Amino acid sequence: MLISIQDLDAYTAPCNSHLYIEEKLTKSDGSKATKLEFVNNGIAFIFREIRYELNGIVVDSVRNVGLVSIIKNYLSYKESESVLFENAGWFPKKITPTTSPNKKILLDSNGNFNICIPMKLLLGFFEIFVN
């Protein structure tokens, strides 16, 4: 995935940027899916590389997005902060018989799911550059 900003006059707030993914899941027979479970940070593993460019200059990039972001997020966020990122597919707490497995299911009754990942979970630049 390449994020490129060409307009030097544009004001952007990278710290508030998000990656929004919306999809409808169906089974191989065409019926709607009723259950979907993600591993922790599962959506990030879809991407091989993410680059953020400003006027053609690479500002930040990462390869193996899933692996790098999972290590970064375990080191950056407390368990209490991680609750804020559940709709981003971030579930660091292990599901046990005493915890609810429904926390990992992000599918509605029609087989649709959406995920909104703060870019600061994927690239360090978005976490550091607040101004």
Roughly how many nanometres apart are two label points built 7 Å out from the Cα toward the Cβ at residue 75 and residue 38?
2.3 nm
Hits in the range 39-76: amide N under 11 Å from the 7 Å Cα→Cβ extension of residue 12, namely 51-60
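No value in this document is a laboratory result; all are computed from the given coordinates. Quantities reported herein were computed from a predicted structural model and do not represent experimental measurements. Heads up, the Cβs are rebuilt from the backbone with ideal geometry, glycines too, and the neighbour counts pull from every protein chain shown.
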